[in-house]
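Reviewing the structure listed below.
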Amino acid sequence: MSLGDLSRMQDRYAEATKFYQQALPIYQQVGNRLSEANSLLNLGDVALQQTHLAEAGKFYQQALPIYRQVGSRIGIGNCALRLGDVALQQARYTDAEQLYRQALTIYCQIGDRLGEVNCVLSLGHVAVQLARVGEAEKLYQQALLILRQIGNRVGEADCLQRLGDVALVQSRYAEAELLYQQALCIFRQIGYRLGEANCLKSLGDAARLQARYEDAETSYQQALTTYHKIGHRLGEANCAIALGDVARLRGSHTEASQLYQRALLVYRQIGNPRGEANCLASMAKLATLQHNPNLAREAADLAATIYATIGLTAQAQQVRDEFTQSQP
């Protein structure tokens, strides 16, 4: 189990999975139910870090009843939190919010401040996805205060990045970039490569929105390389679509199309409907520029349908409006 933990911290996910799978049957044989549940939770965490969402959810669902049987409230809270993470990535925002609030109640009752702050952060993520930006900023500020009090550097950096995202949505570009740089510095100091890649991707977004396309492309490529090395497929897909957007804005339509197709394939493979819809919306814009109205209509309609299905009605209407306005 400890060897698995060490491998996971070093982003060696296949190796971590192997160790956890070796530990699991031994715990089952000797009847150590708590450690059995912990093994399942760890296997779920490895799957989640690789964006294998269905697999992660199955592990957490197996661990949850064991934690209940042995009376481990922190285990129950951890499972609720992780199942919320799965729901969030699957764009099931109502489910995610409910699970995070269940976990938050448990963590507050048992005095687990790290669990508490993780729930507050996660509720902020849900608020961002639902465009409740002011609520998200308050939650992130609340989380940042707790994280600094308990000296959690990873959480502090993640929170700074999330505050950068809020600033970016509100077009406060200089503030966003400063927050991303602060987070990036911490992630590099502690050697957390996923956090580093996320910050590089965010810096690329900030540069792209300011039409600094060369800077954006450099940041995206750096992030993509790191995501690929650690096996984070969602990050790879997000970078591919971002690079596609840059190529489209620079008039490199063939390159943009290839990048969008690459991202779309990954989103569908990992079951990320919001990413799929984002990609289709970008493909509709590209098809319009290429004077292919039939393809543009097909991509836009499919994107709007997916947005509506996962409850993002504003995004669905926006795609329909943009498409209508772009047609002759």
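The values are calculated or read from the model by the stated rules, or taken from the named source; none is laboratory data. Everything numeric here is computed off the predicted structure, so don't read it as measured data. Cβ: placed from backbone, ideal geometry, glycine included. Neighbour counts: every protein chain shown.
For the reader, a short list of remarks on this structure follows.
- Per the conditions (1) more than 24 Å from Arg250 (Cα to Cα); (2) at pLDDT 95 or above, the sole criterion not satisfied by Ile270 is (2).
- Within the stretch 160-177, residues that are closer than 13 Å to Ala143 by Cβ and among the aliphatic types (A, V, I, L, M) reach partners that are crowded, with 23+ Cβ neighbours inside 10 Å and at pLDDT 95 or above with beta carbons closer than 7 Å, at six or more positions or on different chains, in the pairs Leu160/Leu179; Leu160/Ala183; Leu163/Tyr140; Leu163/Leu179; Val166/Ala136; Val166/Tyr140.
- Considered as a group, the residues in the stretch 267-305 that are within 18 Å of the chain's Cα centre (by Cα), assigned to a helix (DSSP H, G or I) and of a type outside the set (D, E, K, R) include one that is surrounded by the fewest Cβ atoms within 10 Å (Cβ to Cβ), and that residue is Gln269.
- Ile110 vs. criteria buried (at least 19 other Cβ atoms within 10 Å of the Cβ) and in contact with a Lys or Arg (Cβ under 8 Å, 6 or more places away or on another chain): no
- Per the conditions (1) farther than 26 Å from Ile190 by Cα; (2) in contact with a Lys or Arg (Cβ under 9 Å, 6 or more places away or on another chain); (3) among the aliphatic types (A, V, I, L, M); (4) modelled with pLDDT of 95 or more, the sole criterion not satisfied by Leu41 is (1).
- Against the conditions (1) at pLDDT 95 or above; (2) surrounded by fewer than 16 Cβ atoms within 10 Å (Cβ to Cβ), Lys229 satisfies every one except (1).
- Test: residue in the stretch 236-254 that is touching a His at 6+ places or on another chain (Cβ under 9 Å), of a type outside the set (A, V, I, L, M, F, W, C) and in contact (Cβ under 8 Å) with a residue 60 or more places away in the chain: no
- The set of residues in the stretch 107-135 being more than 19 Å from Leu147 (Cβ to Cβ) and of a type outside the set (S, T, N, Q) consists of Leu130, Ala131, Arg132, Val133, Gly134.
- Entry remark, the stretch 186-209: residues being exposed (fewer than 15 other Cβ atoms within 10 Å of the Cβ) and either in contact with a Pro (Cβ under 8 Å, 6 or more places away or on another chain) or more than 16 Å from Val154 (Cβ to Cβ) (or both) number 1 in total.
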